[in-house]
Amino acid sequence: MKDIIMNSSRDKIKQTGEKGKQMLIGVHIGNGYGSQQGAWRMPGVDPQSYTSYDARIKQVQAAERGKFQFIFLPDGPGAVLTDLETEAPSFNLDVMLTLAAVARETRRIGLVATGSTTFNEPFNLARQFKALDIMSHGRAGWNAVTSSGDAVAANYGREIPSSQERYERAHEVIELIQELWGSWEKDAWVHDQEIGQFAKKDQINPINFEGKYVSSRGPLYIPPSEQGQPIIFHAGGSPNSQELAGRFANVVIGAAFTIEDARKQRKAFREAAKRYGRNPDEIRYIPGLMTTIAKDRRTALDRRIKLTADLFPQRIAYLQQMLGVRLDVNNLNDPLTKEQLDAARPSPFDPRSRHALKIAKEGWNLRDIIAHGVIDYHPVIVGPGIEAADHMQAWFEAGAADGFWISPDVNEDGIDAFVDEVVPILQERGLFHNDYEGKTLRENIGAPDQYGVDPRVSQ
Ligand SMILES: Cc1cc2nc3c(=O)[nH]c(=O)nc-3n(C[C@H](O)[C@H](O)[C@H](O)COP(=O)(O)O)c2cc1C
């Protein structure tokens with residue numbers, strides 16, 4: 001049976017392969033434990049992983065073994081967003097320092113960190129990311145986001161500016177930074193000991209950027225990296241975000257619960273790229289996927305129950321709203337009754353509700369419905385690797401995704417599970433590369449050459 005599935009999939013993929021397109025896969029590293037709140041307490045997990053660079057390096061090396069194109073570090077910046085009494089903070093100690101440590105212990109995987117365009121001086125961002133790009137031999141990516149939330153703004157003694165202001169500033173910040181990255185011309189660095197010429201001074205020029213929000217004289221005294229300069233990523237979904245990414249980004253880190261929504265978002269980003277005279281294939285839209293990979297559905301559900309048991313009362317209360325029926329938190333072992341299923345109506349206010357009802361109708365008990373991840377912040381695979389591969393293939397072939405960023409439940413063994421159980425199926429189906437195409441992130445994601453600002457989008 002499995003062979004039949006494999007063969008029919010392989011035939012399908014030939015078509016995908018002929019178009020020369022394969023999916024990108026990144027992994028969310030975050031706080032070092034995993035995407036589930038209970039990850040830090042799982043057996044086998046070092047409870048001090050939050051501060052352990054050794055743990056982080058081990059996790060990224062696991063992802064590199066699976067040929068993932070990149071790791072992704074979100075950042076508040078600096079916000080906690082969790083109840084520290086019982087939970088780990090959401091983010092990394094410091095994303096740039098983490099990537100610097102990881103850069104020295106890995107060889108091919110791309111290193112992508114979030115850097116807020118609202119809460120940073122562009123010169124500092126330009127310098128740090130270009131230095132990381134040099135240090136990693138051309139593997140740096142900058143996830144340029146505008147940030148949101150009062151918890152973040154409070155760290156900077158500020159209030160969160162309006163979306164319009166944040167995005168206007170973001171356009172200026174990215175353009176300024178790319179100008180700085182290009183301010184040291186490609187052949188300027190001579191370092192000729194014989195003749196005593198260090199650099200061609202006339203090829204290292206100020207940028208004299210003056211915007212409404214940010215300015216810089218420059219230049220930035222850093223030569224080109226092996227990929228020229230870092231790759232721009234962006235995370236968001238609003239029309240403002242689409243416009244920013246359409247102008248500058250090569251990869252969009254997205255969030256979508258349904259294939260229809262993902263397809264719509266992907267189309268919007270591609271249209272935005274076209275408005276700037278870019279080829280829409282230059283922008284890759286990759287929604288999130290959360291994973292609990294185990295040998296079968298039951299084992300995977302039990303693992304998630306262990307990880308999230310503390311959340312059941314609060315999640316059952318929310319599930320009631322999603323389905324529009326009363327549920328009893330004391331009856332976790334019971335499925336919904338026929339009357340409840342007949343009365344249930346998926347909430348139009350939460351795009352996850354239809355899927356939650358579908359799972360409920362399959363007859364799972366309340367505990368298992370929640371354990372399917374129906375209230376998580378991305379689609380969730382709870383089961384064997386083939387289920388993840390099928391989901392990814394379906395979205396990829398429907399034009400809903402150019403790849404995925406994976407949030408394993410527990411990093412310690414969840415990255416390995418994905419690498420061992422999902423990646424080989426995707427490779428077998430021709431959907432994912434067998435090895436890195438080159439040394440740099442630019443080569444490995446197939447982004448076009450760029451140095452400085454892309455003249456097509458410069459203002
Ligand atoms: C998938 C995804 C990941 C995001 N990651 C981050 C992040 O790591 N740090 C951050 O400050 N904002 C992050 N954001 C938030 C965006 O920066 C932005 O503030 C948010 O999408 C709201 O912006 P809007 O005004 O475009 O709606 C993320 C958004 C999405 C959709």
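Derivation of every value follows stated rules applied to the coordinates shown; laboratory data play no part. The structure presented is a predicted model; accordingly, all values stated were derived computationally and were not measured. Cβ coordinates were reconstructed from backbone atoms using ideal geometry, including for glycine residues, and neighbour counts include every protein chain displayed.
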_Suppose we flag chymotrypsin sites (Phe, Trp or Tyr not before Pro) only when DSSP calls them loop and at most 13 other Cβ atoms lie within 10 Å. Which is the longest uninterrupted stretch of the chain?_
1-220
*Quick one: helix 297-308 against the long Cα principal axis of the chain, what's the angle to the nearest 10°, folded into 0 to 90?*
70
*Give 212/274; 201/274; 264/295; 295/361; 306/361 a once-over and call out the pairs whose C-alpha atoms are over 28 Å from each other.*
201/274; 264/295
*At what distance in angstrom do the alpha carbon centres of the stretch 132-173 and the stretch 251-321 lie from each other?*
22
_Tell me the angle of helix 122-135 to the major Cα principal axis of the chain, expressed in degrees between 0 and 90 and rounded to the nearest ten._
90
*Using θ = phi - 60° and the Karplus curve 6.51 cos²θ - 1.76 cosθ + 1.60, what whole-Hz ³J(HN,Hα) does each residue of the stretch 325-339 get, with Gly and Pro shown as x?*
9, 6, 10, 10, 5, 7, 10, 4, 8, 9, x, 5, 6, 4, 5
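If you take the square roots of the eigenvalues of the alpha-carbon gyration tensor of the chain and sort them as a ≥ b ≥ c, do you get rounded (a/c under 1.5), prolate (a/b over b/c) or oblate? List each step's numbers first, then the result.
Numbers: a/c = 1.83, a/b = 1.64, b/c = 1.11.
Since a/c reaches 1.5 and a/b is larger than b/c, the shape of the chain is classed as prolate.
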*Karplus couplings for the stretch 168-179 from phi (6.51 cos²θ - 1.76 cosθ + 1.60, θ = phi - 60°), rounded to Hz, Gly and Pro as x?*
4, 5, 4, 4, 5, 4, 5, 4, 4, 5, 5, 5
*Given 0.36 nm per residue, what is the gain on full extension from residue 192 to residue 83 after removing their alpha carbon distance, in nm?*
33.6 nm
*asked:* Please give the charge dipole size of the stretch 197-288, origin at the Cα centre, charges +1 on K and R Cβ atoms and -1 on D and E Cβ atoms. Round to the nearest 20 debye.
replied: 180
*What GluC sites (Glu not before Pro) does the stretch 85-143 have in DSSP loop regions with at most 13 other beta carbons within 10 Å?*
85
_Name the residue from 346, 231, 213 whose Cα lies farthest towards the positive end of the charge dipole of the chain, charges +1 on Cβ of Lys and Arg and -1 on Cβ of Asp and Glu._
346
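Using helices alone, I'd like the mean residue ellipticity at 222 nm for the chain: each DSSP H run of four-plus residues gives -39500 (n - 2.57), total over residue count, nearest 500. Mind dumping the intermediate values first?
Details: 17 runs with 185 residues, N = 459.
Result for the chain, helices only: -12000 deg cm²/dmol.
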*Amide H within-cut-off set for residue 291, under 5 Å, with H built and near neighbours excluded*: 381, 407, 409
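Given Cα pairs under 8 Å that are at least 6 residues apart, what percent is the relative contact order of the stretch 234-385?
Working: 230 pairs, mean separation 39.6, N = 152.
This gives 26 percent for the stretch 234-385.
Name the GluC sites (Glu not before Pro) in the stretch 134-179 that are in a loop by DSSP and that have at most 12 other C-beta atoms within 10 Å, would you? Intermediate results must be reported in sequence, preceding the final value.
Details: sites: 159, 165, 168, 172, 175, 179; in loops: 159.
Within the stretch 134-179, the qualifying GluC sites (Glu not before Pro) (loop, at most 12 other Cβ atoms within 10 Å) are 159.
DSSP loop (so not H, G, I, E, B), at most 15 other Cβ within 10 Å: list which trypsin sites (Lys or Arg not before Pro) in the stretch 137-211 pass both filters.
158, 186, 200
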*What is the helix-to-structure angle for 53-65, meaning the angle in degrees between its Cα long axis and the longest Cα principal axis of the chain, kept from 0 to 90 and rounded to the nearest 10?*
80
*In whole Å, what is the distance between the alpha-carbon centres of the stretch 426-455 and the stretch 191-226?*
28
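Below 8 Å between Cα atoms, with a sequence gap of 6+, how large is the relative contact order for the chain in percent?
Details: 880 pairs, mean separation 99.1, N = 459.
Worked out over the chain, it gives 22 percent.
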*Whole-Hz Karplus ³J(HN,Hα) for the stretch 311-319, in order, using 6.51 cos²θ - 1.76 cosθ + 1.60 and θ = phi - 60°, x for Gly and Pro?*
8, 4, x, 5, 6, 5, 4, 6, 4
_Contact order normalised by length for the stretch 291-361, with contacts defined as Cα pairs under 8 Å and 6 or more residues apart; what percent is it?_
26
